[in-house]
Amino acid sequence: MKLNKKLLAILSTCLFGWTCTYVATDVFGDYAFGLFIWLPWVMGVMSTLIFAYKNEVTRKTCRDISFASMGIYCIGLLFFAFEGIICMIMALPLGLLFNWLGYITGYEILNRNVKSTTNTLGALVISVPLLMGIEHIGSDKEYTANPITTSIEINAPIETVWKNVIVFPQLDEPTEFLFNAGIAYPINAKIDGHGVGAIRYCNFSTGSFVEPITKWEEPTLLAFDVVDQPEPMKELSPYDIQPNHLHGYFVSKKGQFKLTKLSNGKTLLEGTTWYYNKIKPVIYWDIWSDFIIHKIHERVLKHIKKVSENTI
């Protein structure tokens, strides 16, 4: 009997989770609180209430059922080609935290002898797509691009560094796990023209950033807008998938390289990217985005440092 209840709790929770995920990502096209916070929480409550309904259970067993449901749900996202491995790893801390809080909530509901367990469960089930729909209605808004700056000191004259900022040759193959796992990484940079109005192409593993030059203050400042950008990553998956979040959810607006001549004859090179992230909660996903942008900056700046210092 308990085995049947376990299977019922896990499978019904997973089916609910997969359905709501499809609604959020493929119907509404939103990656927000409803998907990353409320859904895992409700799944934790749901699996606990279904398994424990008219059944003697322990707190540990409810926790195990909740985590098993989350685990099978994640495997299903891969199997049904909803998502890739890297983005699931990024989302997992949020999912596990709120799934854990959900099972605790479900267990407390049972301990307080809430008679309307089925009504409570029904209300929670309805609340997930309802919240996703409300978020979708309010999703069309303006976003503010925030700057991320990374710097490096280069043992070369500022004029030499400037030349290698404008265009730089092919970078070595990446050794970082992040880039080998699918995150887009810079390969080289080329430019068509000279001065303001020239078009710079920063070529990545997934395509090219098209960057019209807006400031050309040789040899101290190169600034540009971003009018076109490639996919931010190639998902690790058994399938050739293209989740919606790869298109228009991470947006780079502009960038710049600032060069400062130091008193010791060296050059301080700062790279800055202005971007915004449409995936919520922003406070969480910006941690990942900021980290990735810093790693991209570091790859470019270290390459410019190497080329510049080998020139003199």
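Give the residue, chosen from Lys302, Lys253, that is farther than 24 Å from Ile154 by Cα and among the basic types (Lys, Arg).
From the options Lys302, Lys253, the qualifying one is Lys253.
Check the stretch 70-88 and report whether any residue there is of a type outside the set (Val, Ile, Thr) and farther than 29 Å from Asn180 by Cα.
no
Quick check, is Pro238 touching a residue at least 12 places away in the same chain (Cβ under 8 Å), assigned to a loop (DSSP other than H, G, I, E, B) and either surrounded by 14 or more Cβ atoms within 10 Å (Cβ to Cβ) or in contact with a Leu (Cβ under 8 Å, 6 or more places away or on another chain) (or both)?
When the stated conditions are applied, Pro238 passes them.
Just a yes or no: is a residue in the stretch 179-186 part of a helix (DSSP H, G or I) and over 14 Å from Val300 (Cα atoms)?
Yes - at least one qualifying residue is present in the stretch 179-186.
Which residue is farthest from Leu110 (Cα to Cα), if the candidates are limited to the stretch 7-56 and must be outside any helix (DSSP H, G or I), open to solvent by 20 Å² or more (accessible area, probe 1.4 Å) and in contact (Cβ under 8 Å) with a residue 24 or more places away in the chain?
Per the stated criteria, the residue is Asp30.
Just to verify a result, which residue in the stretch 169-187, among those that are open to solvent by less than 90 Å² (accessible area, probe 1.4 Å) and either in contact with a Gly (Cβ under 9 Å, 6 or more places away or on another chain) or not aliphatic (A, V, I, L, M) (or both), is farthest from Phe209 (Cα to Cα)?
Filtering first and then ranking leaves Glu176.
Output the residues belonging to the stretch 266-290 that are open to solvent by 60 Å² or more (accessible area, probe 1.4 Å) and closer than 28 Å to Phe79 by Cα.
The answer is Lys278, Ile287, Trp288.
Which of the residues spanning the stretch 247-265 are part of a strand (DSSP E or B) and either surrounded by 17 or more Cβ atoms within 10 Å (Cβ to Cβ) or of a type in the set (D, E, K, R) (or both)?
Selection gives Phe250, Ser252, Lys253, Lys254, Gly255, Gln256, Phe257, Lys258, Leu259, Lys261.
Does Glu108 fit the bill of being assigned to a loop (DSSP other than H, G, I, E, B) and either without any contact (Cβ under 8 Å) to a residue 12 or more places away in the chain or loosely packed, with under 15 Cβ neighbours inside 10 Å (or both)?
In short, no.
Can you spot a residue in the stretch 194-205 that is touching a residue at least 40 places away in the same chain (Cβ under 8 Å) and in a loop (DSSP other than H, G, I, E, B)?
No.
If I go through the stretch 57-84 residue by residue, how many of them are open to solvent by 70 Å² or more (accessible area, probe 1.4 Å), part of a helix (DSSP H, G or I) and over 17 Å from Lys6 (Cα atoms)?
2
So, Gly133, is that one among the small types (Gly, Ala, Ser), closer than 30 Å to Val27 by Cβ and either open to solvent by 30 Å² or more (accessible area, probe 1.4 Å) or under 27 Å from the mean Cα position of the chain (by Cα) (or both) or not?
So Gly133 passes the test.
The values are calculated or read from the model by the stated rules, or taken from the named source; none is laboratory data. Keep in mind the model is a prediction, meaning the values are calculated, not measured. Quick reminder, even Gly has a Cβ in these numbers, built from the backbone with ideal geometry, and neighbours come from all protein chains shown. Keep in mind that these areas ignore ligands, DNA and RNA; they rest on the heavy atoms of the full protein, side chains included. Shrake-Rupley method; radii C 1.70, N 1.55, O 1.52, S 1.80 Å.
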